[in-house]
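Chemist: Quick one: structure below, then a few questions.
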């Protein structure tokens with residue numbers, strides 16, 4: 001299974017490659033494969049038709065609480081095996097599971113609490129099978145649940161990295177819980193954009209300049225869940241004199257050549 005690089009420059013290039021792959025495959029843009037750029041700005045460069053494209057990249061970092069890696073990996077392994085054997089629709093998918101029953105530490109999967117968590121997550125994931133069957137490559141779905149008399153909350157992000165029917169086992173990752181609907185979480189997006197605008201890079205007459213915000217951990221900042229975050233970001237980009245012609249958000253996952261993307265803002269022609 002592919003892992004994401006630890007080196008920051010290589011990770012940014014990996015995010016940029018997934019982003020460009022998506023624009024080419026889904027949005028039908030004619031862009032070349034990006035490469036790292038020399039110097040401080042921009043981070044990556046490519047071409048679109050005959051025009052240079054300069055891409056400045058920033059990671060949106062959601063705070064994640066510590067968890068027991070061995071127990072977390074064991075839970076993910078058990079869920080992956082269960083999904084692989086339950087239905088073919090799960091093959092070729094990546095599944096990220098969040099649960100605030102495991103905020104401090106994941107329980108041992110053999111303990112009563114661990115077994116309850118495992119069975120609850122199995123039940124919740126099975127509820128998604130109808131939606132997973134219609135999930136196309138490069139797309140994702142997000143679902144939350146309440147359980148244990150609504151004192152615990154779970155969420156799952158499911159994305160497809162290979163067409164249904166191919167024998168690719170599901171890749172499952174478990175992470176501790178987050179406050180999924182938190183407005184504060186959504187405001188991480190305009191905060192990251194503001195930091196880039198504060199650098200006061202100038203506009204280019206010969207290149208298209210793109211600001212790319214990518215995220216690895218935490219609930220994805222989807223516009224339907226965090227409309228204020230996108231409204232604040234667009235207002236900031238509209239009002240500020242800055243270098244960028246486009247601003248995009250993407251959710252990066254290790255086993256994808258493409259990634260879910262959202263256009264945040266585009267300069268009027």
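Chemist: Springs between alpha-carbon atoms under 10 Å, Gaussian network over the chain: tell me which of 227, 190, 38 tops the mean-square fluctuations.
Modeler: Among 227, 190, 38, the largest GNM mean-square fluctuation belongs to 38.
Chemist: Kindly state, to the nearest 0.05, the FRET efficiency for residue 231 paired with residue 77, given R0 = 45 Å and r defined as their beta-carbon distance. Provide the component values of the computation, followed by the final result.
Modeler: On the way: r = 41 Å, r/R0 = 0.91.
Efficiency at R0 = 45 Å is approximately 0.65.
Chemist: Helix 227-239 sits at what angle to the longest principal axis of the chain, using alpha carbons and giving 0 to 90 degrees rounded to 10?
Modeler: Helix 227-239 and the main axis of the chain meet at about 10 degrees.
Chemist: Go ahead and estimate [θ] at 222 nm for the chain from helices alone: -39,500 (n - 2.57) per DSSP H run with n ≥ 4, summed, over the residue count, rounded to 500. Intermediate results must be reported in sequence, preceding the final value.
Modeler: Numbers: 7 runs with 83 residues, N = 269.
Mean residue ellipticity, 222 nm, calculated: -9500 deg cm²/dmol.
Chemist: Tell me, rounded to the nearest percent, the portion of alpha carbon pairs in segment 69-176 spaced more than 20 Å apart.
Modeler: Values: 1964 of 5778 pairs.
The calculated P(r) of segment 69-176 puts 34 percent of pairs beyond 20 Å.
Chemist: Obtain the nm distance between the two label points defined at residue 146 and residue 58 by a simple spin-label model: each point lies 7 Å from its Cα along the Cα-to-C-beta direction.
Modeler: That separation, rounded to one decimal, is 3.5 nm.
Chemist: Evaluate the Kirkwood expression for the hydrodynamic radius of segment 155-256, namely the inverse of the mean inverse distance over all pairs of different C-alpha atoms, and round to one decimal in Å. Walk me through the numbers on the way to the answer.
Modeler: Values: mean 1/r = 0.0630 Å⁻¹.
Result for segment 155-256, one decimal place: 15.9 Å.
Chemist: While we're looking at this one, here's another question. Listed highest first by mean packing, meaning other Cβ atoms within 10 Å per residue, what order do 232-239, 256-263 come in? Walk me through the intermediate numbers first.
Modeler: On the way: 232-239: 16.1, 256-263: 19.1.
Descending mean neighbour count gives 256-263, 232-239.
Chemist: Taking R0 as 22 Å, what FRET efficiency do you get between residue 25 and residue 129 from their Cβ-Cβ distance, rounded to the nearest 0.05? Before the final figure, lay out each step's value.
Modeler: Working: r = 26 Å, r/R0 = 1.16.
The formula returns an efficiency of 0.30 here.
Chemist: Percent relative contact order of the chain, based on C-alpha pairs within less than 8 angstrom and at least six residues apart? Spell out each step's value before the answer.
Modeler: Details: 493 pairs, mean separation 64.6, N = 269.
Computed over the chain, the figure is 24 percent.
Chemist: Tell me the angle of helix 8-25 to the major Cα principal axis of the chain, expressed in degrees between 0 and 90 and rounded to the nearest ten.
Modeler: Tilt relative to the chain: about 90 degrees.
Chemist: Let me ask something else. Report, in degrees rounded to the nearest 10, the 0 to 90 angle that the Cα long axis of helix 112-126 makes with the longest principal axis of the chain.
Modeler: 60 degrees
Chemist: Return a whole-number percent for the relative contact order of segment 69-176, with Cα pairs under 8 Å and 6 or more residues apart as the contact set. If you can, show how the numbers build up before the last one.
Modeler: Numbers: 183 pairs, mean separation 52.0, N = 108.
Once normalised by length, the contact order is 48 percent.
Laboratory data are not the source of any read-out in this text; all were calculated from the coordinates shown. In this text, all values refer to a predicted model and were calculated from it rather than measured experimentally. All Cβ positions, glycine included, derive from the backbone under ideal geometry; neighbour counts span all protein chains shown.
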